[in-house]
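The values are calculated or read from the model by the stated rules, or taken from the named source; none is laboratory data. These numbers come from a predicted model, not from an experiment. For neighbour counting, all protein chains shown are included, and Cβ atoms are generated from backbone atoms with ideal geometry for every residue, glycine included. For accessibility, only protein heavy atoms count, side chains too; no ligands or nucleic acids. Shrake-Rupley method; radii C 1.70, N 1.55, O 1.52, S 1.80 Å.
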Amino acid sequence: MRIFITGMPGVGKTTLTLKIAEKLKDLGYKVGGFVTKEVREDGRRVGFKIITLDTNEETILAYVGDGKIKVGKYVVFIENLDKVGVEAIKRALEDADIVIIDELGAMEFKSKKFSEVVDEVINSNKPLLATLHRNWVNKFKDKGELYTLTIENRDKLFEEILNKILAELK
Ligand SMILES: Nc1ncnc2c1ncn2[C@@H]1O[C@H](COP(=O)(O)OP(=O)(O)OP(=O)(O)O)[C@@H](O)[C@H]1O
């Protein structure tokens with residue numbers, strides 16, 4: 001089972017993913033991988049951080065500024081992604097009931113190790129819930145089931161996706 005969630009920026013992909021992760025943990029399932037959240041300073045978005053779902057480890061994925069590897073106005077800290085995010089996915093592949101990756105997008109695919117571990121997940125039988133930046137929809141849509149989140153359907157889709165996962169994990 002592979003579930004991909006796409007949708008416009010800010011529609012609630014991370015929120016839905018976190019709610020599902022929390023619910024699964026409450027039910028006793030082992031959840032691994034990571035989510036990505038905005039970093040805000042003085043009300044402005046200045047970057048993104050990743051938070052692992054098994055150990056709650058946090059690291060900066062990207063921050064406004066200049067550097068070698070950039071996406072838009074953000075410098076991407078590949079080493080942080082590799083050390084924290086990729087390792088979390090590897091642990092999840094080993095012993096979680098489901099791998100969660102939020103998100104598959106431009107920043108993350110700057111990392112070769114991230115690309116490789118995503119391939120590994122896709123080529124395995126491990127259940128996957130991933131959020132998908134709209135530019136990556138075509139690359140992944142045939143690898144699983146794709147849901148497009150909107151403000152109108154997000155509460156209904158939470159239930160639907162959760163039930164789908166529970167039916168698979170049982
Ligand atoms: N179901 C919901 N009910 C109420 N508020 C929500 C809901 N889902 C998301 N939000 C709010 O909308 C905002 C954006 O949510 P979130 O970060 O989950 O979106 P996203 O799609 O992951 O964004 P991005 O494209 O930046 O990754 C947050 O402030 C969040 O609290």
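Against the test of being over 14 Å from the mean Cα position of the chain (by Cα) and within 12 Å of the ligand (Cβ to nearest atom), the options ARG40, ARG91 yield a single qualifying residue, ARG40. Please tell me if LYS110 is in contact (Cβ under 8 Å) with a residue 12 or more places away in the chain, touching a helix residue (DSSP H, G or I) at 6+ places or on another chain (Cβ under 8 Å) and of a type in the set (Lys, Arg). Criteria met by LYS110. The single residue among THR55, THR14 that is open to solvent by 10 Å² or more (accessible area, probe 1.4 Å) and without any contact (Cβ under 8 Å) to a residue 40 or more places away in the chain turns out to be THR55.
Which residues, counting only those in the range 59-76, are in a strand (DSSP E or B), out of contact with any helix residue (DSSP H, G or I) (no Cβ under 8 Å at 6 or more places or on another chain) and not hydroxyl-bearing (Ser, Thr, Tyr)? It would help to see each step written out before you state the result.
Of all residues in the range 59-76, those in a strand (DSSP E or B) come to 59-64, 70-71, 74-76.
Within this subset, residues satisfying the condition of being out of contact with any helix residue (DSSP H, G or I) (no Cβ under 8 Å at 6 or more places or on another chain) are 62-64, 70, 74-75.
ALA62, VAL64, LYS70, VAL75 - these are the residues of the range 59-76 that are in a strand (DSSP E or B), out of contact with any helix residue (DSSP H, G or I) (no Cβ under 8 Å at 6 or more places or on another chain) and not hydroxyl-bearing (Ser, Thr, Tyr).
Step by step: first the residues of the range 118-157, then only those that are within 16 Å of the ligand (Cβ to nearest atom) and of a type in the set (S, T, N, Q), then the one that is surrounded by the most Cβ atoms within 10 Å (Cβ to Cβ). Which residue is that? Of everything passing the filter in the range 118-157, THR131 is surrounded by the most Cβ atoms within 10 Å (Cβ to Cβ).
Considering only the range 158-170, state which residues are in a helix (DSSP H, G or I) and exposed (fewer than 11 other Cβ atoms within 10 Å of the Cβ). Before you say what the answer is, go through the steps one by one.
Taking the range 158-170 as the starting set, the residues that turn out to be in a helix (DSSP H, G or I) are 158-169.
Residues satisfying the conditions are GLU159, ASN163, ALA167.
Among the residues here, ILE78 does not qualify as surrounded by 18 or more Cβ atoms within 10 Å (Cβ to Cβ) and within 21 Å of ILE5 (Cβ to Cβ). Any residue that is among the charged types (D, E, K, R), under 16 Å from the mean Cα position of the chain (by Cα) and over 19 Å from ALA21 (Cα atoms) - is there at least one of those in the range 148-161? No, because not a single residue in the range 148-161 is among the charged types (D, E, K, R), under 16 Å from the mean Cα position of the chain (by Cα) and over 19 Å from ALA21 (Cα atoms).
State whether the residues of the range 107-117 include one that is touching a strand residue (DSSP E or B) at 6+ places or on another chain (Cβ under 9 Å), on the phi < 0 side of the Ramachandran plot and open to solvent by 40 Å² or more (accessible area, probe 1.4 Å). Yes - at least one qualifying residue is present in the range 107-117.
Only a single item in (1) open to solvent by 40 Å² or more (accessible area, probe 1.4 Å); (2) within 16 Å of the ligand (Cβ to nearest atom); (3) aliphatic (A, V, I, L, M) is not met by MET1, and it is number (2). Any idea which residue in the range 90-104 is least open to solvent (accessible area, probe 1.4 Å), counting only those that are in contact with a Phe, Trp or Tyr (Cβ under 8 Å, 6 or more places away or on another chain) and among the acidic types (Asp, Glu)? Step by step, filter the range 90-104, then rank; the result is ASP102.
Would you mind finding the one in PHE109, PHE114 that is hydrophobic (A, V, I, L, M, F, W, C) and at pLDDT below 95? Within the list PHE109, PHE114, the selection yields PHE109.
Being open to solvent by less than 10 Å² (accessible area, probe 1.4 Å) and over 27 Å from ASN153 (Cα atoms) narrows it down to one of GLY33, GLY47, GLY43, so name that one. If you could, list the steps in order and put the result at the bottom.
Numbers: GLY33 fails: over 27 Å from ASN153 (Cα atoms); GLY43 fails: open to solvent by less than 10 Å² (accessible area, probe 1.4 Å).
Matching residue, one of GLY33, GLY47, GLY43: GLY47.
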